[in-house]
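The values are calculated or read from the model by the stated rules, or taken from the named source; none is laboratory data. Here the structure is a predicted model, which is why all the values come from computation and not from measurement. A quick note on method: Cβ atoms are made from the backbone with ideal geometry, for glycine too, and the neighbour counts reach across all protein chains shown. SASA here: full protein model, heavy atoms, side chains in, ligands and nucleic acids out. Shrake-Rupley method; radii C 1.70, N 1.55, O 1.52, S 1.80 Å.
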Amino acid sequence: ARAFVHPNSGRRGAFVAVDLATVPAELVPALLFGALRGSYTGAVVDRKGAFELAHQGTLFLDEIQNVPADVQKQLLRVLQEGRVQPLGAVVEVAVDVKLVVAANVPLAALVASGRFRRDLYMRLSPATRVVVPPLRARRQDYPLLLRQLTEACAQRPAVRDMVAEVA
């Protein structure tokens, strides 16, 4: 998303990525929507959420299946209204983001099991869907990936100097 979608989106704002697999469930609302000082224990300063930080840019939510059920409802509302309400705030903030999501499990299966909201899934599903097979199923890509990795490493001075010493 950072390398292709955002640069080609025509958006002026920032690219913001959130790995939802690494965030404790109770912190997800503050991370996504923001929080005012004192709105929860540990909130010592006002903090913009990912939606505000990505305003007029791209927001990438990785591991979307990890969004808690109560936050899924809030996320759906943000997508429908284009506004977020930071924790502890009375006033909503308008946001305009290109949303890109990724999951490592089929969301349709989570919908069927009741672990992901159907209406949120429907809101997300009309978008372009890209399924990337695991690398083990794409062995023909190994040489290309190794070549790109080698070229990228060669651009880094410390690595370039090490390679020159070995050669």
Candidate set: segment 78-102, residues that are outside any loop (DSSP other than H, G, I, E, B) and β-branched (V, I, T); chosen: the one farthest from D62 (Cα to Cα): V93
task: Test V105 against the criterion of being at pLDDT below 90 and either of a type in the set (D, E) or within 16 Å of the chain's Cα centre (by Cα) (or both), and give yes or no.
output: yes
query: Given the conditions (1) modelled with pLDDT of 90 or more; (2) charged (D, E, K, R); (3) in contact with a strand residue (DSSP E or B) (Cβ under 9 Å, 6 or more places away or on another chain), and given that R47 satisfies all but one, which numbered condition is not satisfied?
result: (1)
query: Which residue, of V105, V132, is assigned to a loop (DSSP other than H, G, I, E, B) and touching a helix residue (DSSP H, G or I) at 6+ places or on another chain (Cβ under 7 Å)?
result: V105
- prompt: Looking at segment 80-91, is at least one residue touching a His at 6+ places or on another chain (Cβ under 9 Å) and among the acidic types (D, E)?
  reply: no
Residue list for segment 46-66, restricted to those being more than 15 Å from A102 (Cβ to Cβ), open to solvent by 30 Å² or more (accessible area, probe 1.4 Å) and either small (G, A, S) or not in a strand (DSSP E or B) (or both): D46, K48, E52, L53, H55, Q56
Members of segment 80-96 that are open to solvent by 30 Å² or more (accessible area, probe 1.4 Å) and of a type in the set (A, V, I, L, M): L87, V90, V91, V93, A94
- prompt: In segment 97-126, which residues are closer than 30 Å to R12 by Cα and open to solvent by 60 Å² or more (accessible area, probe 1.4 Å)?
  reply: K98, N104, D119, M122, R123, P126
